[in-house]
Amino acid sequence: MFGNLSDRLIETFKNLRSKGKLSPADIDATLREIRRALLEADVALEVVKNFTTAVRERALGDEVSKALNPAQQVVQIVNEELVKILGGEQRKLSFAKTAPTVIMLAGLQGSGKTTLAGKLAKWLKDQGQTPILVAADLQRPNAVNQLQVVGERIGVPVFAPEPGNGVGNPVSVAKDSIKHAKQKMFSVVIVDTAGRLGIDEELMTQAKDISKAVDPDEVLFVIDSMIGQDAVNVAKAFDDGVGITGVVLTKLDGDARGGAALSVASVTGKPILFASNGEGMDAFEPFYPDRMASRILDMGDVLTLIEQTQKNFDESEARAMAEKLAKDTFTLEDFLDQMQQLKKMGSLKSMLAMMPGAGQMRNQLENFDEREIVRTEAIIRSMTPAERRQPKLLNGSRRSRIAKGSGMTVTDVNSLVNRFEQAAKMMKTVAKGGVPQMPGMPGMPGMGGGFVGGKAKSKGKDKKGSKSGNPAKRAAEEAARALGQKPGEASSGSGSAFGLGK
Amino acid sequence: MAFQFWKRKREEPVAVEQVIAENTTEQTAVITTESTSEVAAEIQPKPELEKVELPKRSARKGIRALFSKIKFDLENLDELEDILIQSDFGVDASAAIVASVKEIAKKTSAKTENDLKKILIDVLAENLENKDKALNLSDGNTPYVVLVVGVNGVGKTTTIGKLSKWLVQGGFQVMIGAADTFRAAAVDQVATWAERAGAKLIRPKTEGQDPASVAFEATEAAINSGSDVLIIDTAGRLQNKADLMNELDKIRRVVEKQAKIAEVLLVIDATTGQNGLAQAKAFAEVAKVTGVVLTKLDGTAKGGIVYSIQQELGIPVKLVGVGEGIDDFSFFDAQEFARGLVGQEG
């Protein structure tokens, strides 16, 4: 639809010589593109204006970085400021000193409160809390019923004395729920309320009354990440009307850039506590400001580049590591190790989506079947250790044995081996400093590299295979840069993850 | 608005209005192309249609004016761009609208606030106008199958409740197919609406039944019971999930085995930002959307995204929802919408 911000910035600065110094004109040109990107990401106009003004001031006053060109420097400032607003007030859910902790949910119709109530309850339950859900949405047809079904699915009790559908008083339900929770020793009470418009005075008063009745420790404002410019009005209205303490962003598994997060955070000054990103009851996690900043800007790859340039990455060291990779044969065992690490880290999809450069790949990622990993794992696990180390051993009869053992077909085994070989070959090429030719195998350096290397680093238990990704990717980027390509280009495109997709 | 709706005449005599000759001829033509042998077999050279009058509705109360803060004059035309952006028209569309207004203002040497407002209304209305804005409930090909699609939480089920009530009031026999078998208690929710509206409901036989098979059964039931309209509720799905979008494609194909689909309505929440265009593109491609329903216009959101949807994809807005009440629902009128936005009475 639109070129992403990184494309357009590159376009903007194509004719601009790298001056090593930020001129006001450079800054303004960059900021124009950033303004547009933010607006297209649905950041509210007033927020964009304040934001760009702040960035401009800082950019003019900032020391000039030798490592970065003007565009990069402005982008870096933008990113830092974004993270500052999104995560400035970062905090965890606050619990009451004496149980129960009361969490009230509020938001517009259709923002996803009931589903979120379930996810939050499950998350708390998994942490050893004993939550109870309260059905105080007596307005929407069968909202009570929906909450009961959700409660049943996750094994959390639901306090629902009223049938709903317009029958019953939500304020008294909320009030009674606290008594009930105290009696039955529940540690957390989650109050689901009806969706309401910020301008509906009657319903906002009711929300306030519910809040008074339950004296919540948290009032979480639930907002759809697809919301547009109206986010500011809605957030203000709820903050004024009910007094929110935190924000939850829902439906982040869509392809909306989610500028609303920035609008809400900067207008209310309230922290975004959670992000909900899927239909499953587990698709729920703490909010990561840096990921959100990248998503709003949709320019993870440029940010990565900046990060790397800044770290004054030692190229010779990278080469040395890459050489090592090229000599050491990358085996199916390493591959399996990598995969197991990935699995430990949770949903591959959501992790990949956070990856720099995944902008264009997001759609493909969305359709990437995670069961493919399980299948691949099954195939590799059906090989003997020797076969894993030396895939060349795999003759016809061995392949058919592996196929039987893993419940797959020989074709599946063949295709895995083929893809593995291509990948290994390409890693060598990259390691030698060449630009890989990868028919049918794009996405590899980015996947096997930045992803595993970048994430696994913090886990501190890298095996040879996983660590090797990093230099490979870096080398690829170095090479790409040398050819005047934009970084990330080599690692994106059609196709799916390393040896996994079909 | 003077849309014409026709249903097949039933055996029991109702208040019959004379059927226009043209319509009858059209009807015959459609029947002969009908592939269902049953219909083709019962040779009805002049199947009689009966006119349906839907109660008059207006969405006016839901549309909020753009200009509460500023005075609208020639100097403020740049500020107009900001206001349009704040109404989710998008960067490009906003710039284009302002450019058009400026150009016309220059040509006609318009100066007063009223002149400028009028120009803006014309620009907005003209670009939002679409010749296919009427619901296609007139060709006599009953049951008219209406498929309702959209992302999660936009108000599909509520829309179905409101639309059913309206159609029932007009005299259509309405059946609803509850093919949202995914979300917890979605079937019960639509059942409540069906009851309020006086429509029949086809439920899934088992929990979590394949939505396409529910749609198939509903179509069958609608044909067998001689219903005039079949509205199929589908689960909310984000447009970037290929599996779920394929499921929608399957629902459409399965229904088409038995009946023509009269309308595929994409429900869009008025608060939706620029992602609305991505939604419309994806759903149009997979589900062949014939119209947009703009919901929740009673809030502070202006729904400017429909402008881009109409401009870029040519998909008309057909209906608007303006509240939680079952009657808070109307046809979309580009003039009315534009006037409402600009805050011009009459």
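Would you check which residues across region B:149-167 are more than 14 Å from chain A (Cβ to nearest Cβ) and crowded, with 24+ Cβ neighbours inside 10 Å and list them?
B:149, B:163, B:167 - these are the residues of region B:149-167 that are more than 14 Å from chain A (Cβ to nearest Cβ) and crowded, with 24+ Cβ neighbours inside 10 Å.
Here's the yes/no breakdown for (1) assigned to a helix (DSSP H, G or I); (2) surrounded by fewer than 22 Cβ atoms within 10 Å (Cβ to Cβ); (3) away from every other protein chain (no Cβ under 14 Å):
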| position | (1), (2), (3) |
| --- | --- |
| A:243 | no, yes, yes |
| A:248 | no, no, no |
| A:254 | no, no, no |
| A:257 | no, no, no |
| A:261 | yes, no, no |
| A:264 | yes, no, no |
| A:280 | no, yes, no |
| A:285 | no, yes, yes |
| A:292 | yes, no, yes |
Requested in this report: Tell me, yes or no, whether region B:193-209 has at least one residue that is closer than 19 Å to residue A:149 by Cβ, part of a loop (DSSP other than H, G, I, E, B) and of a type in the set (Lys, Arg).
Outcome: yes
Query raised in the report: Can you name every residue in region A:35-53 that is part of a helix (DSSP H, G or I) and within 16 Å of residue A:268 (Cα to Cα)?
Result: A:45, A:46, A:47, A:48, A:50, A:51
Query raised in the report: Of all the residues that make up region A:188-230, how many are assigned to a strand (DSSP E or B), away from every other protein chain (no Cβ under 13 Å) and among the acidic types (Asp, Glu)?
Result: 1
Query raised in the report: Is it the case that some residue within region A:231-238 is in a helix (DSSP H, G or I), closer than 21 Å to residue B:275 by Cα and without any contact (Cβ under 8 Å) to a residue 60 or more places away in the chain?
Result: yes
Report summary line: Within region B:50-108, the residues that are closer than 19 Å to residue B:302 by Cα, away from chain A (no Cβ under 14 Å), of a type in the set (A, V, I, L, M, F, W, C) and not in a helix (DSSP H, G or I) are B:59, B:67, B:72
Query raised in the report: Of the residues B:292, B:214, B:320, which single one is under 14 Å from the mean Cα position of the chain (by Cα), of a type outside the set (Phe, Trp, Tyr) and modelled with pLDDT of 95 or more?
Result: B:292
Report task. Give region A:155-184 a look and list any residue that's within 14 Å of chain B (Cβ to nearest Cβ), surrounded by fewer than 18 Cβ atoms within 10 Å (Cβ to Cβ) and either β-branched (Val, Ile, Thr) or not in a loop (DSSP other than H, G, I, E, B) (or both), or say none. Result -> A:167
Query raised in the report: Only one of these conditions is not met by residue B:142: (1) outside any helix (DSSP H, G or I); (2) of a type in the set (Val, Ile, Thr); (3) modelled with pLDDT of 95 or more. Which number is it?
Result: (3)
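On the given criteria, is residue B:183 within 22 Å of residue B:57 (Cβ to Cβ) and within 11 Å of another protein chain (Cβ to nearest Cβ)?
no
Restricting attention to region B:229-236, does a residue exist that is farther than 26 Å from residue A:164 by Cα and either in contact with a Cys (Cβ under 6 Å, 6 or more places away or on another chain) or part of a loop (DSSP other than H, G, I, E, B) (or both)?
Keep residues of region B:229-236 that are farther than 26 Å from residue A:164 by Cα, which gives B:229-230.
Adding the requirement that they be either in contact with a Cys (Cβ under 6 Å, 6 or more places away or on another chain) or part of a loop (DSSP other than H, G, I, E, B) (or both) leaves none.
Checking region B:229-236: not a single residue is farther than 26 Å from residue A:164 by Cα and either in contact with a Cys (Cβ under 6 Å, 6 or more places away or on another chain) or part of a loop (DSSP other than H, G, I, E, B) (or both).
One line per residue, one yes/no per condition, for (1) buried (at least 20 other Cβ atoms within 10 Å of the Cβ); (2) within 12 Å of chain A (Cβ to nearest Cβ); (3) not acidic (Asp, Glu):
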{"position": "B:213", "(1), (2), (3)": "no, no, yes"}
{"position": "B:218", "(1), (2), (3)": "yes, no, yes"}
{"position": "B:231", "(1), (2), (3)": "yes, no, yes"}
{"position": "B:234", "(1), (2), (3)": "yes, no, yes"}
{"position": "B:243", "(1), (2), (3)": "no, yes, no"}
{"position": "B:256", "(1), (2), (3)": "no, no, no"}
{"position": "B:275", "(1), (2), (3)": "yes, yes, yes"}
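Residues are listed down the side, and each one gets a yes or a no for (1) outside any helix (DSSP H, G or I); (2) in contact with a strand residue (DSSP E or B) (Cβ under 7 Å, 6 or more places away or on another chain); (3) facing chain A (nearest Cβ under 8 Å); (4) of a type in the set (S, T, N, Q):
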site	(1), (2), (3), (4)
B:278	no, no, yes, no
B:282	no, no, no, no
B:292	yes, yes, no, no
B:299	yes, no, yes, no
B:311	no, no, no, yes
B:326	yes, no, no, no
Query raised in the report: Which one of the conditions (1) modelled with pLDDT under 95; (2) within 14 Å of chain A (Cβ to nearest Cβ); (3) farther than 30 Å from residue A:45 by Cα does residue B:238 fail to meet, given that it meets all the rest?
Result: (3)
Query raised in the report: Do you know which residues across region A:83-142 are free of Cβ contacts under 8 Å to residues at least 12 places away in the same chain and surrounded by 18 or more Cβ atoms within 10 Å (Cβ to Cβ)?
Result: none
Report task. Kindly indicate which of B:344, B:311 is under 20 Å from residue B:67 (Cα atoms) and surrounded by fewer than 21 Cβ atoms within 10 Å (Cβ to Cβ). Result -> B:344
Query raised in the report: Of these, B:117, B:133, which one is away from every other protein chain (no Cβ under 14 Å), more than 30 Å from residue A:164 (Cβ to Cβ) and either without any contact (Cβ under 8 Å) to a residue 24 or more places away in the chain or under 18 Å from the mean Cα position of the chain (by Cα) (or both)?
Result: B:133
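The values are calculated or read from the model by the stated rules, or taken from the named source; none is laboratory data. Just so it is clear, the structure is predicted and the values come from calculations on it, not from any experiment. All Cβ positions, glycine included, derive from the backbone under ideal geometry; neighbour counts span all protein chains shown.
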